[in-house]
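Mind having a look at this structure? Questions to follow.
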Amino acid sequence: MTLTEQEFGTVLASAAEGNELAFARIVDAHHDDLRRVCTFITRDHDLAEDAVQTAWSIAWRKLGSVRDATKLRSWLMRVAVNEAKRALKKRSRRSEVESLVTGFGAPSGRNPETGIDALDLREALRRLDPDDRALLAMRYVAGFNATELAAVIGITPSGTRNRLERLTDRLREELSDG
């Protein structure tokens, strides 16, 4: 769905007034990004889908609070990220023992080194705090730029870039042989 900014503003206003078809257009435009980011954060497809569905429910109820259509994407992402983190906390409180890498499959058997690298990366990502996984997912899975990330996490674009740089440096160091 490709809409001009003005058309998207009209769709947002209509959805905020309760137009289900307009809301469906918003869902169509953003659902895949929300699902991918939530999956990256939770490392569990079912948990991520639950978080996204909860986020859409919240969005339906609170869509009227979004006054600027250009801020809708970051607002939706913030809601979904919060729901993914809440789902992780809820799961840990219930003390369920399950692998956070479920659903991401085994590495390809073609190149053993690539498979080991993939396992090392998955393990390093698993050990990250959900906030750090959320930041990486929004940047590298959903393609958010520093300004969009800043709007979601509440710090400056410069601070966002610095945080991403420290995080990727930490991952590189952890994955290096030295």
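Taking the range 124-178 as the search range and keeping residues that are open to solvent by less than 50 Å² (accessible area, probe 1.4 Å) and not in a helix (DSSP H, G or I), which one is nearest to D68 (Cα to Cα)?
F144
Counting only residues that are closer than 29 Å to A13 by Cβ and β-branched (V, I, T), which one in the range 41-69 is surrounded by the most Cβ atoms within 10 Å (Cβ to Cβ)?
If we take residues in the range 41-69 being closer than 29 Å to A13 by Cβ and β-branched (V, I, T), then V52 is surrounded by the most Cβ atoms within 10 Å (Cβ to Cβ).
Give the range 43-72 a look and list any residue that's outside any helix (DSSP H, G or I) and either in contact with a Lys or Arg (Cβ under 6 Å, 6 or more places away or on another chain) or among the acidic types (D, E) (or both), or say none.
D44, D68 - these are the residues of the range 43-72 that are outside any helix (DSSP H, G or I) and either in contact with a Lys or Arg (Cβ under 6 Å, 6 or more places away or on another chain) or among the acidic types (D, E) (or both).
Moving on. Among (1) on the phi > 0 side of the Ramachandran plot; (2) surrounded by 20 or more Cβ atoms within 10 Å (Cβ to Cβ), there is one condition C38 misses while meeting the rest; what is its number?
Answer for C38: the failing condition is (1).
Restricting to the range 70-105, and then to whatever is of a type in the set (K, R), over 16 Å from L135 (Cα atoms) and open to solvent by 20 Å² or more (accessible area, probe 1.4 Å), can you tell me which residue is modelled with the lowest pLDDT?
Across the range 70-105, the extreme among qualifying residues is R94.
The values are calculated or read from the model by the stated rules, or taken from the named source; none is laboratory data. This one's a predicted model, so the numbers in the text were calculated from it and none came from an experiment. Glycine gets a Cβ as well: all are built from the backbone with ideal geometry, and neighbour counts include every protein chain shown. When the accessible area is computed, the model is the full protein with side chains, heavy atoms only, and any ligands, DNA or RNA have been set aside. Shrake-Rupley method; radii C 1.70, N 1.55, O 1.52, S 1.80 Å.
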